[in-house]
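The values are calculated or read from the model by the stated rules, or taken from the named source; none is laboratory data. Just so it is clear, the model here is predicted, and its values are computed rather than measured. Methodologically, a virtual Cβ is constructed for each residue, glycine included, from the backbone with ideal geometry; neighbour enumeration extends over all protein chains shown. SASA here: full protein model, heavy atoms, side chains in, ligands and nucleic acids out. Shrake-Rupley method; radii C 1.70, N 1.55, O 1.52, S 1.80 Å.
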Amino acid sequence: MVQAIAASCSPLSSLPLNARLSPFRCSHRRSWRPVEASRSTSTTTWKHSMFIGTRPVLKEGALSVDGKDVLTDVPENVVVTPLTNSSAFVGATSNVEGSRHVFTLGVIQDIRLLCLFRFKIWWMIPRVGVSGSDIPVETQMLLLEVREGSDLEPSDEPSYILFLPVLDGKFRSSLQGNMADELELCIESGDPAIVTSESRKAVFVNYGENPFDLMKESMKFLEKELGTFAVRERKQMPAILDWFGWCTWDAFYQEVNPKGIRQGLKSLSDGGTPAKFIIIDDGWQDTSNEFQKEGEPFVEGSEFGGRLVSIKENQKFRRSENGSLSKAPTDLKEFVSDIKGTYGLKYVYVWHALMGYWGGLLPGAEATKKYNPVLKYPMQSPGNLANMRDLSLDAMENYGVGVIDPATISQFYDDLHSYLVSQGVDGVKVDVQNILETVATDLGGRVSLTRQFQEALENSITVNFQDNSIISCMGQSTDSIYHCQQSAITRASDDYYPQNPATQTLHIAAVAYNSLFLGEVVVPDWDMFYSLHDAAEFHAVARAVGGCPVYVSDKPGNHDFEILKKLVLPDGSVLRAKYPGRPSRDCLFIDPVMDGKSLLKIWNMNNCTGVLGIFNCQGAGSWPCTDKKVIEDAASEISASVSPSDVEFLEEVTGGSWTGDCAIFSFKTGSVHRSSVEESMNVTLKVLECDVLTISPIKVHNQKVQFAPIGLIDLYNSGGAIQAVDIRSKSSTSGIHIKGRGPGTFGAYSSTRPRSCTVNSEEREFEFREDKLLKISIPARTSSWDIVISY
């Protein structure tokens, strides 16, 4: 029933949950109808009526939700604390105290499920299954699909049950399954001195009919209940999100240097896609590494033994006092000022680790001794060791980490960040964040230590930088996620590996599924990519629909500008979608990487349109931590059914004059297709092929013209260029007005050939095709436009 190994719990208060869901309910093909008002103006009509009486209850050895037994054979030491009409906390008690416990919660069988679990200490990936034995160790989110009929047979109107292991006092929770199909709860403090015999509020369980609303409302509830983090929509968004960027990592790795940076910025600018922000990654800091000696062979992993000597830049970026003939800039300040002025950069970010550097601070160094660093050797939890080891942490376990005294961590971050600001730096990428859970012994445990470091870090960002200017990385543990009060951007995947063809499809799928969870707290960062690469368009399209930062890590001169110009406008801005890109509802419980038959669909919204990315991720790679192998004889082409109903929240842009139909524009074929919102069409793609569909509701103008704007059809996220549309259903005196930005070809669906079209009050020629696609050329160097289409 319970394995004790050593944790402490604090009571959490209960707050009501005002749950709401989409008005268009169902698993995939939903019942749609034109609506008179947008979702934001009449939310009261869409409240989740079935929440009444669906509260999780424990009765006769079963955990039941909405009358359905979700867990059976539940042990007597499992406790349920009711919260709202649809939710409860689930926990367990033991007869012994310990810093780590594994409790059995009950048996889970014959139900489609999706897990997000940490396959490495730093990173999550998804896994789907049908029973408890399919749930990996270190699962941080578990979503179940409940159907009225047979659990494994498709039927209409499924509902969803969400399990979120959370932080309870000084203990962090995770889920796992075993071969008996039992769902287990693991709680741990990370410090043998921090013990408990119970955790009554370890897992938040909630129920709903729309999985995306269920996740959103659950995280909003936990935000209030836990009081330790904030949801994404309440955070200040860093301005880099709307500009194109360049990261130095895959261009130079640790050999980054001023000359190379200048070359890279110049080549991007000369090609017509200027970078407006840069991340100077690992390689700029003042470090030493006793495990790398000149003349001796390189030892793999030894780079992670380096330690920070001071908070200043190294000699590549700072001329020494007697180095008058050196080609290095005078200092970092001079270099930052130069590249901003020369290349029109708006923002310069630099990289540092949470502990300063991979190996922390160098104990005894003159410039770091005031932070009292102590050499500690990381220790991983059994959960991490049960999955996949990581080279960087293996090295740190061997070489040790110079851990900053928690009493001085605020001073360290303030000293570092205030120095960077004095050098003209605008923000930071903070890496290696999950290291804290491995060094928490004698420091109060993993939860408390993470809270202390995270608060110090975010306070320093607030005091020193102007724009919430932080990108978090290697921090996908719930210790970090549930302490994310302010940080608004977090890396959502393992690294981009340009030399490994087997990881390209995994990267896209992992971020999309991880965004279900992470996207409620932060803007998921899809990482850098090469624009000149076999999988470049695959990655570029994913960024276009991801609602994320867009930045490459091209080597200077190695660019595919044909791809980049489908992402980036000439002024360096990007057409970012509104929300984190997530899998469509019918993709939630399938494996688009290894089942050999499914395509991945990722949906998002713009101001006036929906967007759907479609990817063939099959046959190229295998998920880690599974005995299954990629289907090598998978079909060369795979087809999937797509529909406007794949885009959640499309009702946000339908309005009162909507016909109930949509125009669907395929970027791949350049064609437009009219479809009812419930109608489906087939899309066929080869491995590593993708397409982007812009989905625009067709509305009535002047009682006779049916019209749907598409946007700049030369860019992947065409509809992202449209800022506002004015279609008047009963007006005959004015045309259709569309405001937007960027040069190129504007496209729209129009049932009737227009009489005239103007762009910024100048009449323009237009093309009107047989498939009802209207095309208008917007001149180069046009930053914003007001199109008027008259009939």
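Projecting label points 7 angstrom from Cα along Cα→Cβ for residue 178 and residue 734 puts them 6.9 nm apart. Checking the Cα-Cα distances for 597/699; 312/346; 346/429; 59/120 against a 26 Å cut-off, the pairs over it are 597/699; 59/120.
Taking 0.36 nm per residue of separation and subtracting the Cα-Cα distance, full extension of the segment from residue 753 to residue 467 would add 98.3 nm.
Please identify the trypsin sites (Lys or Arg not before Pro) of segment 758-791 that satisfy two criteria: DSSP loop assignment and at most 10 other Cβ atoms within 10 Å. Which are they?
On the way: sites: 764, 769, 772, 775, 781; in loops: 764, 769, 772, 781.
Here the trypsin sites (Lys or Arg not before Pro) that fit, given the DSSP loop and packing criteria, are 781.
With 22 Å as the cut-off, how large is the P(r) tail for segment 57-208, expressed as percent of Cα-Cα pairs? Result: 37 percent of Cα pairs exceed 22 Å.
Compared with the alpha-carbon gap, the fully stretched path from residue 291 to residue 414 is longer by 41.3 nm at 0.36 nm per residue.
Rounded to the nearest 0.05, the FRET efficiency derived from the C-beta distance between residue 298 and residue 770 at R0 = 45 Å is 0.10. For segment 316-410, GluC sites (Glu not before Pro) meeting the loop criterion (DSSP other than H, G, I, E, B) and having at most 11 other Cβ atoms within 10 Å: 321, 366.
With a Förster radius of 35 Å applied to the beta-carbon distance between residue 703 and residue 500, the computed FRET efficiency rounds to 0.05. Between residue 676 and residue 370, the simple spin-label model (points 7 angstrom out along Cα→Cβ) gives 7.2 nm. For residue 428, the residues 5 or more places off, or on other chains, whose built amide H falls under 5 Å of its own are 350, 470, 471. Set against the labelled values [x] 14, 45, 34, 7, 0; [y] 16, 48, 31, 5, 0; [z] 15, 46, 28, 9, 1, 0, P(r) over Cα pairs in 20 Å bins from 0, in percent computed from this structure falls on [y]. Taken along the Cα-to-beta-carbon direction at a fixed 7 Å, the label points for residue 386 and residue 782 span 5.9 nm. Beta-bridge orientation, the chain: approximately 85 percent antiparallel, per DSSP, counting only bridges with both partners inside.
In sequence order, segment 72-82 has phi-based couplings of 10, 6, 6, x, 5, 7, 7, 10, 10, 10, x Hz under the Karplus curve 6.51 cos²θ - 1.76 cosθ + 1.60, θ = phi - 60°, and Gly or Pro positions carry x.
On average, how much accessible surface per residue is there in the chain, in Å², for a 1.4 Å probe, leaving out ligands, DNA and RNA?
Details: 28160 Å² over 791 residues.
Dividing the accessible area of the chain by its residue count gives 36 Å².
Residue 421 sits among other residues whose Cβ lies under 12 Å from its own Cβ, and their net charge, with Lys and Arg +1 and Asp and Glu -1, is -3.
At 4 °C and 1.567 mPa s, grab the translational diffusion coefficient of segment 585-790 from Stokes-Einstein with a Kirkwood Rh over Cα pairs, rounded to a whole number in µm² per second. Mind showing how you got there, number by number?
Numbers: Rh = 18.0 Å.
D, rounded to a whole number, is 72 µm²/s.
What separates the Cα centres of segment 743-791 and segment 73-140 is a distance of 55 Å.
Compared with the direct C-alpha span, the chain from residue 97 to residue 269 gains 55.8 nm at full extension, assuming 0.36 nm per residue.
In the chain, what percent of the accessible surface is made up of carbon and sulfur (1.4 Å probe, ligands and nucleic acids excluded)?
47
Restricting the calculation to alpha carbons of segment 215-341 gives Rg and Dmax of 20.1, 61 angstrom. Find the centroid of the Cα atoms in segment 422-448 and in segment 523-546, then give the distance between the two in whole Å. Centre-to-centre distance over Cα atoms comes out at 27 Å. Other residues with beta-carbon under 15 Å from the beta-carbon of residue 769 carry, at +1 per Lys or Arg and -1 per Asp or Glu, a net charge of 0. In a DSSP loop and with at most 16 other Cβ atoms within 10 Å, the GluC sites (Glu not before Pro) in segment 245-298 are 290, 294.
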